[in-house]
């Protein structure tokens with residue numbers, strides 16, 4: 001049975017940080033459900049409108065192997081303000097499922113929920129100040145600490161997506177996709 005990943009689009013999301021994981025994970029054979037936080041059509045930070053597969057309300061009670069949170073400061077703010085997103089994060093942590101966040105999302109969405117304490121993370125360079133001393137902030141493109149995968153921003157979206165693909169499938173599958181992407 002294929003692994004399932006949920007990616008949530010909130011108004012102001014960073015387009016590259018959403019589209020790249022969707023594409024890479026689907027190439028890896030992962031069933032990716034794109035959910036709109038407030039509807040099916042969501043406008044990104046660069047004005048690109050994306051149509052989701054479903055609304056978050058429709059899929060929030062389903063079981064997923066990974067939760068992916070794109071950045072974009074406005075998008076991350078909307079994710080952080082959502083009770084449904086907070087419940088999803090809490091449930092994913094309880095089940096030790098993968099939670100992946102990029103750019104502003106680690107600092108704005110995950111950190112306030114208390115799940116990054118005593119963990120190594122990365123995120124958008126300007127957001128490092130948002131973390132207290134109980135988080136080990138690293139400048140690496142991607143940081144994996146247990147079931148948490150974090151990444152810096154649009155320029156690291158591909159390595160972020162490949163790290164999620166490897167976590168959900170295997171290293172061979174991720175390498176095959178990477179090799180095909182840079183051929």
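The values are calculated or read from the model by the stated rules, or taken from the named source; none is laboratory data. What you see is a predicted model, and the numbers here were worked out from it, not measured in a lab. Please note: Cβ atoms are built from the backbone with ideal geometry, for glycine as well, and neighbour counts cover all protein chains shown.
Odds and ends about this structure:
- Candidate set: the range 125-143, residues that are modelled with pLDDT of 95 or more and in contact with a helix residue (DSSP H, G or I) (Cβ under 6 Å, 6 or more places away or on another chain); chosen: the one nearest to residue 6 (Cα to Cα): 142
- Any pair with Cβ under 9 angstrom, 6 or more apart, that starts in the range 60-78 at a residue that is touching a residue at least 12 places away in the same chain (Cβ under 8 Å) and at positive phi and ends at one that is assigned to a loop (DSSP other than H, G, I, E, B) and buried (at least 23 other Cβ atoms within 10 Å of the Cβ): 72/10; 72/13; 72/14; 72/44; 72/103; 72/104
- Of the strands (runs of 3 or more DSSP E) contained entirely in the range 1-58, those carrying at least 2 residues that are surrounded by fewer than 21 Cβ atoms within 10 Å (Cβ to Cβ), free of Cβ contacts under 8 Å to residues at least 24 places away in the same chain and on the phi < 0 side of the Ramachandran plot fall at 49-51.
- For the residues 86, 66, 80, the requirement of being under 11 Å from the mean Cα position of the chain (by Cα), within 27 Å of residue 46 (Cα to Cα) and at pLDDT 95 or above singles out 66.
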